[in-house]
Every structure is written in C-alpha cells, then in structure tokens.
Amino acid sequence: MTAHNVRQIVIDIIADIAPDEDVTTINDAQSLREQLDLDSMDFLDIVMELRKRHKVEVPQEDYPKLATLASCVSYLSPKFA
Amino acid sequence: MNYDAIVIGAGMSGLAAGIRLAMFDKKVVIIEKHSIPGGLNSYYQRRNFDKGGIRQFDVGLHALTNFIKKGEKGKPFNKLLKQLRLSYDDFKLCPQTHSEIHFPNVTLKFSNDFELLLSEVLEKFPSEKDAFISLVETVKNFNELDLTQGYSSSRSVLKQTLKDELLIEMILCPLLIYGSAWEEDMDFAQFVIMFKSIYFEGFSRPEGGVRTILSLMIKKLEEVGAELRFKTAVSEILTNDAGTAIGVIAGGETLMSPVILSSIGYPETVRLTKALETKISPAVGKMTFLESLFVYDKKIPLTQNESTIIFYNNAPTYEYKPAKNFYDSRSAVVCFPDHYEPKVTEGEGMARITFMANYDQWKDLSRDAYEAKKDEVSKAAQNLLKKLAPAFDGKLLFQDIFSPTTIQHYTWHLNGTVYGSTDKTRDGRTPVKNLFIIGTDQGFLGIVGAMLSGISMANLHGLMGADS
C-alpha cells in the first residue's frame, strides 16, 4: 500500500469521527490536535477504527506516533505492508 | 449466553455505553427492568379526557445542560456527538430564553451567554467584582475530568474567594438542586462541572423533549447491533471464587461476561453482589424531590420576563436538604417548557414545579393520606405559580404529581434518590474486579454528564487494552 493510500485511510477515519471538521486542508507536518477539534477520546477512536476496519493494532505506548498526518503515515505504512 | 459486556440499566449512561461497545464489535446486552428506556430521564403519557387525545410528559429533563451553538468546538457536547457518531442537527436543540435565581431581595439572571450572569453579579454585588472574576478563572482552569480528584467542599472553596454569603448561596442554588447528592454542599469537582455546564454553556431543550434523545440513542444502538432487553430484572451479579465478576442472573437466565457495567446506582449494585456486600456499603443519598405538572388552556406569561427556569427561594437562607415536613415550598425549581426558543404563544401552557421532599415521610403514608398530601402540594405549587404570574387566569386542564415513592417505584433507586449516593467512584472501579459503576454514581451529572460517563467508562474498562 502506498503512503498516499495510508494517508487517505487516516483521513477517512478522521472524517467519520469528526464530521464537522474540514479534512481537505490538513497540514501533514502540523499536529492534528492543533488543527482539528480532536482530543484523547478521538485518538482512541482512530486506533479503534484502524483495528476494526484494517486489523491494524496500535499499542497504547505508540499513540504519540499518531500526532501528525506525516507521522501517522510513516508509523502505519509498515503495518499495512 | 456469553457476552463481551453486560450493561445494567437503559438510562442515558447505559445506552451510551452500549453504543460505544457495540460500535467496536463487542457483543453487548443492555438489561432494563422498566418497559421503556431513560431511567431517571424518561417519559410517560396520560389520556387527555377533555380532548380525547394523549398528553405526553417528560420525567427528569427540565433542561439539557451544556448547550453549544452549531459549529462551536471543544465542549463536552461535541465529545458526546463525536463519540456516539450523532449529528448536532439530530438533537433539534431549542435554546432557553434566560433563567433566573430568584431570592427574596435579589434576582440574578443568566442565559446561554455567560456575559449576562457576569454583568448581573457585577451590578448586584459590586464589592465582589474581583472575587467573582477570580472564582471564574479558578473554575476555567480546574481539570474536573481528572478521575483521581478526591472530595473537597465547594462551600469552603467559595468562602476562600467570595465574602458575600448571599452571593455564595445564589451561585450554589441551581448547581445544588440540579445535581448534588450531598446535602447543603457538593464536591468541588462536581461544582466545576455544573458551573461550566449551566453558567458557561447553558440550557436548551430538544424539540420533542427527552424522547428525541432516547429515540436517537435507540436507533444508534440498533445500527451498531447491541441487544436491548426490557422488562428484565437483574437479580444477582455473579462472581467466581477469586471474587471477580463473571456474569449476572437476569430474568432467571444466567448471562456470562468478563465486563459488567452497572448504571443502577452504587448501593443498588452492592445489594445485587454478594461479594461486595461484605466489603463496602456506599451511603444511600437523601436528596429526593416532588414534582407537580400543570397543564393550562393557554400559555403562562410572567410579569416581568419570560424566564425558562426560575430557581426560587423565599427562605432566609437557602436550605438544600430533605424537607423537614414532607416537602419544602419555601424554595423550588419552576420550569416553563414553553419558554424555549422559538417560543410558541398559542396552545396549552405548562409549568413544572419541583420541591425538595423527604422520602422517609412519604413512604409511610396510607393511600388516603398520600392523596391528601399530594393535594396539599398541588395547592402550594399553584400558589407559587400565582406569585410568579399574578395576572395569569388560565384554566387548569390537567395536573399530575410525582413523589419520592413514585421515583423509587419507577427507577428502583433506594429512597427515591435522584442524584445517587454521596459515595462516588470516579474511575468506575469497585472492589470486585470487572464490575464497574457508570452514570450518576460514577460522578458525571445531568443527561450530558451521564452519557459521557457511559462513554468514558466503556472506553476505559471495555475498549482500551481489551482484546480484539
């Protein structure tokens, strides 16, 4: 799976969790929390949706690796390989 | 039958917990003793004799706290929407006009814009200006969601800041009567939750009342595939030799599960769990109420304003405790469900008047004495309404009163308590492993609070770290 696909998977999940957010203008290098109205409960949901939809596991100690869209892609890509 | 999680009680917290767990493919059953959902925030109907139709009433909900406008972000109501995948528009929120805290010589108005309360306090208590602003900052900066907070008295925190006893009483009054299990005081973390949800954010009512919220939740539960059993009582919570919860007996059937979330109250849960009875005895809360519902043939105008809710007190000091003599008509919450925006000026008018009550006295009344006492309450409530709306000449079409024993009968809360035990378990844990408390006795308050309690406890104990 390409980095582009992984990026889209994360964006799709965010769009479902926070339907009021504009996901088309996300800056990949900037913290998701700073740009969007996301809190720790929402990050739990990103992890839960990754497991439910794609059988990808993110252990709790790795949650900080989901901070930006770019870090999500680099952390998750090997898991989708 | 085996489940991944069992939720006891289909009130706001139980429904929210069930949705969260089933959303992530947990096999969940919610077990409810009553024939309808809602718990303390439910509904009923009565035949309308003069018109042949049916009148519907809410129980509990005067107002939904934590109001946000569409597009506002980062508030508890947003968390709830996102976590349950519900949309803002579905709730059809009708905001309050404004409400008031009505004491003998002073009235403070507040609305969904905090500036109104601030300006009222500065105008009526000018010497408290700096102190009040400092209190507001303390509230803003307090982390009420920290589950490790212990109890601290709100009164003592308030007295460190404010000098004027009357202002302290007036600020406390709506927060106590809309959520305190403690007499005369409340936990400061709960004070902060209530202050934010009522004074910072404010009141609204979903169009259609509590049914609108419940039908959204039931529909979502069906979508995510949770099982909901009505008219089924849990008679025992089962534990194994190691003292870990393993299941329940519900309607005579044994249901097994590694996670049990109970929304029925802490003391009520202990009573069902033999392994807990020897270990703890959480106090049964004493705060219970009487509510009178009046339907008139026209809308009720007030003399000076159109307050949605009036927190009324006519006693020298506000007393928040069980009434000495059945009910205390010196103070009340008066709710006008018609005074939400957009206001409807035609048609029947309704008032709901709540007095503090005393369960022990009501429970011992004979049937005749009970009815006579209810008549007395009705007169007291109508007198209060007359005082607030002296020019109103509407004809009374229907009235109903529910008492502490009514609450006990339909919610199974010991002593008809409304805000639960004074012993809360903030992280939901009990001395029995795998048995957790959600809802009022976990300590988040009101409808929004109860839903967030169900959500956060389901996340913490049912989803995080749980096996896939």
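What follows is calculated from the coordinates using simple rules that are stated; it is not laboratory data. A quick note: this is a predicted structure, and the numbers were derived from the prediction, not measured. Note that we place each Cβ from the backbone using ideal geometry, even for glycine, and neighbour counts take in every protein chain shown.
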Counting sequence-distant residues (5 or more places) and residues on other chains, those with an amide H built under 5 Å from that of residue B:398 are B:295
Given chymotrypsin sites (Phe, Trp or Tyr not before Pro), DSSP loops and at most 13 other Cβ atoms within 10 Å, the longest exposed-site-free stretch of chain B is B:231-468
Dividing the mean separation of Cα pairs under 8 Å (6+ apart) by the residue count of segment B:58-123 yields a relative contact order in percent of 17 percent
Least to most buried among B:186, A:1, B:451, by other C-beta atoms within 10 Å and fewest first, runs A:1, B:186, B:451
Here the tail fraction of P(r) beyond 20 Å, over all Cα-Cα pairs of segment B:306-404, rounds in percent to 43 percent
Each label sits 7 Å from Cα toward the beta-carbon; between residue A:55 and residue B:133 the label points are separated, in nm, by 6.1 nm
Candidate span helices, chain B: DSSP H, at least 27 Å along axis from Cα coords, Kyte-Doolittle average at least 0.5, result none
Most exposed to least, judged by fewest other Cβ atoms within 10 Å, B:13, B:292, B:42, B:366 sort to B:366, B:42, B:292, B:13
Residue B:156 and residue B:364 label points (each 7 Å along its Cα→Cβ direction) are spaced in nm at 3.5 nm
Note on chain B: contact order normalised by length, alpha-carbon pairs under 8 Å, 6 or more apart, percent, works out to 24 percent
quick note, the protein assembly as shown, DSSP beta bridge pairs, % antiparallel (nearest 5) is 70 percent
Karplus ³J(HN,Hα) for segment A:36-46 (6.51 cos²θ - 1.76 cosθ + 1.60, θ = phi - 60°; Hz, whole; x = Gly/Pro) runs 10, 7, 10, 10, 4, 4, 6, 5, 4, 5, 4
Calc'd 3J(HN,Hα), segment B:326-340, phi into Karplus 6.51 cos²θ - 1.76 cosθ + 1.60 (θ = phi - 60°), Hz, glycine/Pro = x, comes to 6, 8, 10, 8, 6, 9, 6, 10, 10, 10, 10, x, 7, 8, 9
Sorted largest first, the Cα spans of the protein assembly as shown on the principal axes come out in Å as 76, 56, 51
Plugging the Cβ-Cβ distance of residue B:105 and residue B:274 into 1/(1 + (r/R0)^6) at R0 = 60 Å yields, to the nearest 0.05, a FRET efficiency of 0.65
If the chain between residue B:387 and residue B:464 were fully extended at 0.36 nm per residue, the gain over the current Cα-Cα distance would be 22.3 nm
Of all C-alpha pairs within chain A, those more than 20 angstrom apart amount in percent to 21 percent
A convex hull over the alpha carbons of segment B:328-468 yields, per residue, a volume in Å³ of 177 Å³
Per the C-alpha gyration tensor (a ≥ b ≥ c, the square roots of its eigenvalues), segment B:93-132 is rounded if a/c is under 1.5, else prolate if a/b beats b/c, else oblate; here it's oblate
Using the Cα gyration tensor of segment B:111-161, the equivalent ellipsoid's semi-axes, largest first and to the nearest Å, work out to 24, 14, 8
With a Förster distance of 22 angstrom and the Cβ-Cβ distance between residue B:119 and residue B:163, calculated FRET efficiency to the nearest 0.05 equals 0.65
The residues B:440, B:417, B:406, A:25, sorted from fewest to most surrounding Cβ atoms within 10 Å, come out as A:25, B:406, B:417, B:440
Expressed as a percent, the portion of alpha-carbon pairs in segment B:1-133 spaced more than 21 Å apart is 64 percent
dims of chain B, Cα set, principal axes, largest to smallest, nearest Å -> 65, 56, 44
Restricting to Cα pairs under 8 Å and 6 or more apart, the percent relative contact order of segment B:315-468 works out to 14 percent
Summing -39500 (n - 2.57) over every DSSP H run of at least 4 in chain B, dividing by its residue total and rounding to the nearest 500, the 222 nm mean residue ellipticity is -9500 deg cm²/dmol
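I need the shape label for segment B:132-274. Rule: rounded when a/c is under 1.5, else prolate if a/b > b/c, else oblate, with a, b, c from the alpha carbon gyration tensor.
Taking the square roots of the gyration eigenvalues as a ≥ b ≥ c, segment B:132-274 is prolate.
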Looks like segment B:209-330, by Cα gyration tensor root eigenvalues a ≥ b ≥ c and the a/c under 1.5 rounded cutoff (else prolate when a/b is bigger than b/c, oblate otherwise), is oblate
For residue B:164, the net charge from surrounding residues (Cβ-Cβ under 15 Å; K, R +1; D, E -1) works out to -1
